[in-house]
Amino acid sequence: MKGLLQRVSGARVEVGGEIVGSIDQGLLVLVAVEPGDTEANAAKLLHKLLNYRVFSDEEGKMNLSLADINGGLLLVSQFTLAADTKSGLRPSFSTAAPPALAEALFNHLLSEAARLHPTVESGRFGADMQVHLVNDGPVTFLLST
């Protein structure tokens, strides 16, 4: 699994003009599921998301995690993040999980996140989404399991 983590001061996801998920300060994470990923990969990614230290402490150093600041977590499925872009001028999606597996693991990640963290929102799997965010920093990391 891959997660493109972005520290945000606010973010929201719209589908058809309707807001389906939004957070204030926290993390917007674009999530890609790859073939062979399992619930163990989802657990590892979630542990990183909740505990990765990307928020500033009193001294301005990245020492605080999402759990430490009790920030929001906005998860958005994005199969294009799993694309193979090594050759040619068109991405190949052979490295993305089939939709049924991707949806099941994304939903598992989402339900576990909601069980472990108080503020969890999401986009809508497979929908044409518009993602709005204010990247704070900017701070962006690509996490892989």
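Name the residues of region 21-36 whose amide N is less than 17 Å from a point 7 angstrom out from the Cα of S94 along the C-beta direction?
So the set is 34-36.
In degrees from 0 to 90, rounded to the nearest 10, what is the angle of the helix 99-116 Cα long axis to the longest principal axis of the chain?
20
For the chain, take the longest principal axis of its alpha carbons; what is the angle in degrees between that and the long axis of helix 39-51, to the nearest 10 within 0 to 90?
Between helix and principal axis, roughly 30 degrees.
Return an integer: the convex hull volume of the alpha-carbon atoms of region 20-88, in Å³ per residue.
That works out to 134 Å³ per residue.
Of L49, P91, L73, whose Cα points farthest to the positive end of the dipole of region 2-140 (charges on the beta-carbon: +1 Lys, Arg; -1 Asp, Glu; origin at the Cα centre)?
P91
Please give the direction-averaged projected area of the C-alpha convex hull for the chain, in square nanometres with one decimal.
Answer in nm², one decimal: 8.9.
Could you order the peptides 129-141, 94-106 from most to least packed, using the average number of other C-beta atoms within 10 Å per residue?
94-106, 129-141
Got the relative contact order for region 2-140 handy, in percent, Cα pairs under 8 Å and 6 or more residues apart?
37
What distance in nm separates the two pseudo spin-label positions at D57 and K44, each 7 Å out from Cα along the beta-carbon direction?
Label-label distance for D57 and K44, simple model: 2.8 nm.
What is the ratio of the Cα radius of gyration of region 68-145 to 2.2 N^0.38 Å, where N is its residue count, to two decimals?
It is 1.26.
No value in this document is a laboratory result; all are computed from the given coordinates. Just so we're clear, the structure is a prediction, and the values are computed from it rather than from any experiment. With ideal geometry, Cβ positions are generated from the backbone for all residues, glycine too; neighbour counts draw on all protein chains shown.
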